[in-house]
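Nothing in this text is a laboratory measurement; each read-out follows from the coordinates by a stated rule. Just so you know, these numbers come straight off a predicted model, no measurement behind them. Backbone-built Cβ (ideal geometry, glycine too); neighbour counts: all protein chains shown.
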Amino acid sequence: MRLIFGSKVIKVEVLDEKGALLVASEKNFVVPKSLSADETPIVMIKGRDLPELDHNKIVYVVTTTKSGDRIKYTGAVSVSMETQLNVQLMLSSDSKLLEERRRFFKIKVSENGKALFYVRDEKNMRFDEPVPIIVMDINVGGVFMSCDPEEVEFMLEDLICVEIDLFPDYPLNAAVRVLRVQRDAEGAILGYGCEFQGLTAAQEDYIGRFIYKVQSEQRQKEAAREEMF
């Protein structure tokens with residue numbers, strides 16, 4: 001069977017057969033690591049005032065991972081009480097990816113940051129003052145960023161130490177390697193496609209939480225627009 005939880009799950013939703021939301025939880029849940037015939041794959045959610053559902057009721061479980069994938073599975077209720085809901089996932093091939101799958105889910109943003117220094121040909125290149133950058137998209141794998149070419153022009157394979165203000169109380173401090181220099185038709189640099197280097201699990205979780213936050217805000221705005229029409 002295909003591994004289904006290769007990336008950390010940050011949210012679990014349970015829907016009825018018509019697609020109505022029954023439960024949504026961002027904590028206090030347990031998910032299996034894979035769908036395997038050797039084990040009984042059960043999603044367990046704990047909480048308060050959970051809905052009491054009929055035994056063997058068919059439901060859908062939707063998992064959201066830190067990399068942005070939302071995957072839908074068919075399951076059957078095995079335990080249902082006010083404080084706990086267990087859903088046994090069915091060993092079938094009808095699991096459905098709800099969004100286009102890519103190795104890392106990318107979102108468009110406009111976040112401020114700064115380049116602290118960079119390494120080129122094994123030489124540390126330091127600035128008199130950190131150089132402002134703008135991050136235009138981000139995922140768990142890397143960023144596309146721009147900066148004032150009068151301040152600095154990076155080259156392929158430059159290793160840059162950046163600080164990005166994703167959350168006000170805790171900026172992301174990480175190293176990125178330049179994989180692509182994007183130019184316009186006249187040759188002017190538009191930005192740099194960069195890959196994160198050596199992220200810790202905590203930093204990946206940090207980026208995942210930011211991506212999920214932006215996605216949630218975008219979905220709320222879309223829902224609000226739909227209600228206006």
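So the values come out like this:
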item	result
Candidates ASN139, ASN86, ASN56: whichever shows maximal mean-square fluctuation once the chain is modelled as a Gaussian network with Cα springs under 10 Å	ASN56
Candidates LYS114, LYS106, LYS57, ranked by Gaussian network fluctuation over the chain, Cα under 10 Å, top entry	LYS57
Under Karplus coefficients 6.51, -1.76 and 1.60, residue-wise ³J(HN,Hα) of the range 47-62 in Hz, glycine/proline x	x, 10, 6, 5, x, 9, 10, 5, 4, 6, 4, 7, 9, 10, 10, 10
Long-range amide H partners of GLY191 with built H, under 5 Å	GLN182
Within the range 55-91, backbone nitrogen closer than 18 Å to the virtual label 7 Å beyond the Cα of ASP16 toward Cβ	55-62, 74-82, 85-87
C-alpha long axis of helix 201-228 to longest principal axis of the chain, angle in °	70
Per-selection Kirkwood Rh - the range 105-182 (Cα, Å, 1 d.p.)	12.8
Most mobile of TYR73, TYR212, TYR170 in a GNM of the chain (Cα contacts under 10 Å)	TYR170
Relative frequency of Cα-Cα separations exceeding 11 Å in the range 157-201, percent	70
Distant-in-sequence amide H partners of MET125 (H built 1.01 Å from N, under 5 Å)	TYR118, VAL119, ARG120
Estimated dipole of the chain in Debye, rounded to 20 [Cβ of Lys and Arg +1, of Asp and Glu -1, Cα centre]	780
Listed residue pairs exceeding 22 Å between alpha carbons, taken from LYS108/LYS213; LYS108/LYS221; LYS33/LYS221; LYS18/LYS221; LYS8/LYS114; LYS46/LYS221	LYS33/LYS221; LYS18/LYS221; LYS8/LYS114; LYS46/LYS221
Phi-based couplings in Hz for the range 71-86 (Karplus 6.51, -1.76, 1.60; Gly and Pro marked x)	10, 10, 10, 8, x, 10, 5, 10, 9, 8, 8, 4, 10, 7, 10, 10
Charge dipole of the chain about the Cα centre (unit charges at C-beta), most positive-ward option of VAL79, PHE154, THR200	VAL79
Convex hull (Cα only) mean projected area of the range 188-229, reported in nm² to one decimal	5.1
GluC sites (Glu not before Pro) within the range 159-219: DSSP coil, no more than 14 neighbouring Cβ in 10 Å	GLU186
